[in-house]
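Note sheet for the following structure.
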Amino acid sequence: MSADRPAIPASGTVHWIGTGLSTGRSGLALVCESAPRVVLWDRTAERAAARLAALGLTGRAEVRALTPSAPAALAAEAGPGDVIVSMLPAAEHAPLLRLATERGAHFACTSYVSPELAELAAEAGEEARTVVLTEAGLDPGIDHLMAHDLVARAREALGDTPATARFTSYCGGVPAVPNAFRYRFSWAPYGVLAALGSPARHIEAGAEVTVARPWEATRTRTLAGEDFEVYPNRDSLPFVAQYGIPGHWKLDTFVRGTLRNAGWRTAWKEVFETVAAGDPAAVRALAAELAARHPTTADDRDRVVLSVALELRTADGTHWRGSHLLDVTGDAAESAMARCVSLPVAYGVTRILAGALPAGLGRAAETPGETGRWLSFLAARGLAGTYEESPSPAAAANPSATPSGATA
């Protein structure tokens, strides 16, 4: 972020773009409570109105149509200090950020920072004084908050003592009641399958490891007495610096990955064979077939499980371990995924409206004070999770500590 470059004052108007599965009632309601004016954009105004009704928010926001045939509609309405929230697929973020910069508006999304987004954000922060908030959902988002919190706690506990560190972060959206497929699609089916074709880079046994087929690195992880299957995802290494891992920690393990119900690897054998063959058309066809074969019904409930843990050992035998475990099940009013994705980005929007975030690129929360604010807010809204630390601090020193039963 460009801390020395103040942002354009927020106008109080928020443009929420997209009404897909990640737009939950908790997040959109928070924006409606906090902003004097909210405009919900979808392919048609009727679709936007229907989504508001489904979320119990009829009349709380204006509705507009944003279509390829009318791309100037948003540009005509967005003004200086407005906040544009992109809940669209990642490929759509860059055009919206360009528009925000041109109009002097701020921008927020829940996706990872692409090279294009980073370049645009740098220009926006320096030239347009635009706040560009990214990675502010569940994963990425809440996982970042937990990681920053653990690193801060560990540094406070051990100071500058050299130590060997093991860091793991696993997140997954799974069926609350596992089905035969061990999964229900909570985002684009093709995207779920295609992601398996991307190599995963992480640190294991003190060395960098790249796994061409991530599912082949699947292992069992036990959390609160329940077995799950986890595997590395994407490139974990850039997050070593992002999380502020100090140079005097020697990393034995550093991995960010995906979590699935036990039995997932066996159930997905057909998927792995198709992905390994490398034919995008075949992957796309299988994704559509599986989505139809395993549909989500109105009676199905999803579950989000996020586990972030950090363990340190020093040469003299001192051992410290901290872990966060978030386990949320959806209900009839809102899916767990929608709640966990939309509530953090909505809180980020309130921070932009309050003038609390500087111009330039930012991710979720990257300072101890801001991380604490986000975690406290989410806890107050039902996304507290549980925290476990050992050796356990005195209750007075850490009144929020609650045993989670998570195991490394």
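Among the residues in the stretch 386-398, are any of a type in the set (D, E, K, R), farther than 19 Å from T110 by Cα, open to solvent by 70 Å² or more (accessible area, probe 1.4 Å) and at pLDDT 95 or above? Checked against the condition, which is being of a type in the set (D, E, K, R), farther than 19 Å from T110 by Cα, open to solvent by 70 Å² or more (accessible area, probe 1.4 Å) and at pLDDT 95 or above, the stretch 386-398 yields no hits at all.
Counting only strands (runs of 3 or more DSSP E) that fall entirely inside the stretch 1-105 and contain at least 1 residues that are crowded, with 22+ Cβ neighbours inside 10 Å, modelled with pLDDT of 95 or more and of a type outside the set (D, E, K, R), the qualifying elements are 13-17, 37-42, 83-86. Among the residues of the stretch 252-277, those identified as under 19 Å from V209 (Cβ atoms) and among the basic types (K, R) are R256, R265.
Conditions tested, residue by residue: (1) of a type in the set (A, V, I, L, M, F, W, C); (2) in contact (Cβ under 8 Å) with a residue 60 or more places away in the chain.
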residue	(1), (2)
D227	no, no
N233	no, no
A241	yes, no
H248	no, yes
V255	yes, yes
T266	no, no
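Taking the stretch 299-323 as the range and being out of contact with any Cys (no Cβ under 8 Å at 6 or more places or on another chain) and open to solvent by less than 20 Å² (accessible area, probe 1.4 Å) as the test, the residues that pass are V308, A309, L310, L312, T314, W320, G322, S323.
Examine the stretch 154-175 for a residue that is among the β-branched types (V, I, T), open to solvent by 30 Å² or more (accessible area, probe 1.4 Å) and either under 30 Å from E370 (Cβ atoms) or free of Cβ contacts under 8 Å to residues at least 40 places away in the same chain (or both), and state whether such a residue exists. Explain how you work it out, then say what you get.
The first filter runs over the stretch 154-175 and keeps only residues among the β-branched types (V, I, T), leaving 161, 164, 168, 174.
Next, only the ones that are open to solvent by 30 Å² or more (accessible area, probe 1.4 Å) stay: 161, 164.
Of the ones still in play, those that are also either under 30 Å from E370 (Cβ atoms) or free of Cβ contacts under 8 Å to residues at least 40 places away in the same chain (or both) are 161, 164.
Checked against the condition, which is being among the β-branched types (V, I, T), open to solvent by 30 Å² or more (accessible area, probe 1.4 Å) and either under 30 Å from E370 (Cβ atoms) or free of Cβ contacts under 8 Å to residues at least 40 places away in the same chain (or both), the stretch 154-175 yields at least one hit.
Note on the stretch 249-265: among residues that are more than 21 Å from D139 (Cα to Cα) and of a type in the set (K, R), the one that is most open to solvent (accessible area, probe 1.4 Å) is K250. Of the residues making up the stretch 114-149, those that are outside any helix (DSSP H, G or I), open to solvent by 30 Å² or more (accessible area, probe 1.4 Å) and either closer than 21 Å to D235 by Cβ or at pLDDT 95 or above (or both) are S114, D139. Among the residues of the stretch 259-278, write down those that are modelled with pLDDT of 95 or more and in a loop (DSSP other than H, G, I, E, B). Those that are modelled with pLDDT of 95 or more and in a loop (DSSP other than H, G, I, E, B): A262, G263, W268.
Confirm whether A194 is modelled with pLDDT of 95 or more and either exposed (fewer than 13 other Cβ atoms within 10 Å of the Cβ) or not charged (D, E, K, R) (or both). Outline the logic, then answer.
Details: modelled with pLDDT of 95 or more: no; either exposed (fewer than 13 other Cβ atoms within 10 Å of the Cβ) or not charged (D, E, K, R) (or both): yes.
Spelling it out, it is not the case that A194 is modelled with pLDDT of 95 or more and either exposed (fewer than 13 other Cβ atoms within 10 Å of the Cβ) or not charged (D, E, K, R) (or both).
Here's the yes/no breakdown for (1) free of Cβ contacts under 8 Å to residues at least 12 places away in the same chain; (2) over 17 Å from the mean Cα position of the chain (by Cα); (3) in a helix (DSSP H, G or I); (4) buried (at least 19 other Cβ atoms within 10 Å of the Cβ):
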{"site": "A338", "(1), (2), (3), (4)": "no, no, yes, yes"}
{"site": "L343", "(1), (2), (3), (4)": "no, no, yes, yes"}
{"site": "G348", "(1), (2), (3), (4)": "no, no, yes, yes"}
{"site": "E366", "(1), (2), (3), (4)": "no, no, no, no"}
{"site": "T371", "(1), (2), (3), (4)": "no, no, yes, yes"}
{"site": "L383", "(1), (2), (3), (4)": "no, no, no, yes"}
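L290 falls short on exactly one of the conditions (1) under 18 Å from the mean Cα position of the chain (by Cα); (2) assigned to a helix (DSSP H, G or I); (3) surrounded by 18 or more Cβ atoms within 10 Å (Cβ to Cβ), and that condition is (1).
In this structure, is A309 closer than 30 Å to P391 by Cβ and hydrophobic (A, V, I, L, M, F, W, C)? Talk me through it step by step, then tell me what you get.
Working: closer than 30 Å to P391 by Cβ: yes; hydrophobic (A, V, I, L, M, F, W, C): yes.
When the stated conditions are applied, A309 passes them.
The values are calculated or read from the model by the stated rules, or taken from the named source; none is laboratory data. Just so it is clear, the structure is predicted and the values come from calculations on it, not from any experiment. So basically every Cβ, Gly included, is an ideal-geometry build from the backbone, and we count neighbours across all protein chains shown. Ligands, DNA and RNA are excluded from the accessible area calculation, which covers all protein heavy atoms including side chains. Shrake-Rupley method; radii C 1.70, N 1.55, O 1.52, S 1.80 Å.
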